[in-house]
1. Take the conditions surrounded by 12 or more Cβ atoms within 10 Å (Cβ to Cβ) and at pLDDT below 85 and apply them to residue 73. Does it pass?
2. Within the stretch 51-60, restricting attention to residues that are surrounded by fewer than 19 Cβ atoms within 10 Å (Cβ to Cβ) and outside any strand (DSSP E or B), which residue is nearest to the chain's Cα centre (by Cα)?
3. Which of the residues belonging to the stretch 74-110 are part of a strand (DSSP E or B) and in contact with a strand residue (DSSP E or B) (Cβ under 8 Å, 6 or more places away or on another chain)?
4. Considering the stretch 61-73 alone, what residues qualify as being out of contact with any strand residue (DSSP E or B) (no Cβ under 7 Å at 6 or more places or on another chain) and part of a helix (DSSP H, G or I)?
5. Collect the residues in the stretch 61-110 that are within 12 Å of the chain's Cα centre (by Cα) and free of Cβ contacts under 8 Å to residues at least 24 places away in the same chain, keeping them in residue-number order.
6. In this structure, is residue 88 surrounded by 10 or more Cβ atoms within 10 Å (Cβ to Cβ) and at pLDDT 80 or above?
């Protein structure tokens, strides 16, 4: 390849394309990796507290019932307020739905 502007531009574009392809391959390999689950004992305690809630319930009602509880998943600890919407907009149909939301923690975005 000639050492001119066009050759340098092509090399830079090729390097850029290879880096994007590597990043995409790495992302696809990690796509199916799950977050570490929350311990079943912790989930059972939360479900016991949810027995006081009448379902369907809003996220705000669930957060009020569960309180300031924290759950541990792997090396991370999450406050339930991070995992459940403290809002009147989203509703949960049953305790199982809340459990599945907490079971594989993904903090909600603010």
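1. yes
2. So the residue we want is 60.
3. Selection gives 77, 78, 79, 91, 92.
4. The answer is 61, 63, 64, 65, 66.
5. Passing the criteria: 100, 101, 109.
6. no
The values are calculated or read from the model by the stated rules, or taken from the named source; none is laboratory data. Because the structure is a prediction, the values reported are computed rather than measured. In this analysis, Cβ positions are derived from the backbone assuming ideal geometry, glycine residues included, and neighbour counts consider all displayed protein chains.
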